[in-house]
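The values are calculated or read from the model by the stated rules, or taken from the named source; none is laboratory data. All values reported here derive from a predicted model rather than from experimental measurement. Please note: Cβ atoms are built from the backbone with ideal geometry, for glycine as well, and neighbour counts cover all protein chains shown. Remember, those area values only see protein heavy atoms, side chains included, never the ligands or the DNA or RNA. Shrake-Rupley method; radii C 1.70, N 1.55, O 1.52, S 1.80 Å.
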Amino acid sequence: MRITLQAAAAAAAALVLAGAASAHAIVSPPVAKAKILQQFTLSVPTEEEGATTTEIELTVPNGFSIDSFEPTPSWKRSEQATGSGEERVIQKVTWTGGKVPTDEDAVFRFNGSLDSSKNYTFNVRQTYSNGQVVDWTGPESSDSPAPVVDGVSSFGGGSSSTLTIVALIVGGIGVLLGILGLATKDRPLA
């Protein structure tokens, strides 16, 4: 049984470490309700050894409106927009002057809203102190995927969500019983 538990712990650790090793630029929350002002966070990892992140450029997708920004100490923000006043639409935001070291994230918060239920893909350009540039614009399976927010009309609820949760719990119990069965298969009963 000890060997089985050690193997399970090693597998779990590998999954955790694999997730940490493949950090990506993200906009969160990954799912947001359309037509409601809410806070979003852009997080961009500094992965280049011996360099710092000094500039982040966010291209805002059509249908996503930024209302306001949270202050970001040590960063200077500039915006490209069309229109003015209530009709102003921010198309691109650039933060410069930061010095985010390796294995830390550049983090920016802003209030925004989605105009409808669809996927919103953000293009992010990251510049390092050594001149290296990373464009977070690729598909989800790439090394530099673009952050995506899924706009929904509601978060649902009701029987289908409950059924999903129950199915996951029952499945988890089944996996645990399977591991226990493998661990005790050569032991005599009673």
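Here Gly97, Gly63 are screened, and the one residue that is over 18 Å from Phe110 (Cα atoms) and over 16 Å from the mean Cα position of the chain (by Cα) is Gly97. Filtering segment 64-78 to residues that are farther than 17 Å from Val44 by Cβ and either surrounded by 14 or more Cβ atoms within 10 Å (Cβ to Cβ) or among the basic types (Lys, Arg) (or both) leaves Phe64, Ser65.
Just so you know, in segment 95-138 the residues that are touching a Pro at 6+ places or on another chain (Cβ under 6 Å) and open to solvent by 50 Å² or more (accessible area, probe 1.4 Å) include one that is nearest to Ser28 (Cα to Cα), and it is Thr121.
Taking the criterion of being hydroxyl-bearing (Ser, Thr, Tyr) and closer than 22 Å to Thr137 by Cβ, the residues of segment 56-85 that qualify are Thr59, Ser65, Ser78, Thr82. One residue stands out among those in segment 143-161 that are assigned to a helix (DSSP H, G or I) and open to solvent by 60 Å² or more (accessible area, probe 1.4 Å): the one that is modelled with the highest pLDDT, which is Ser160. Evaluation of Glu140 against the conditions (1) part of a strand (DSSP E or B); (2) without any contact (Cβ under 8 Å) to a residue 24 or more places away in the chain; (3) charged (D, E, K, R) shows that the sole unmet condition is (1).
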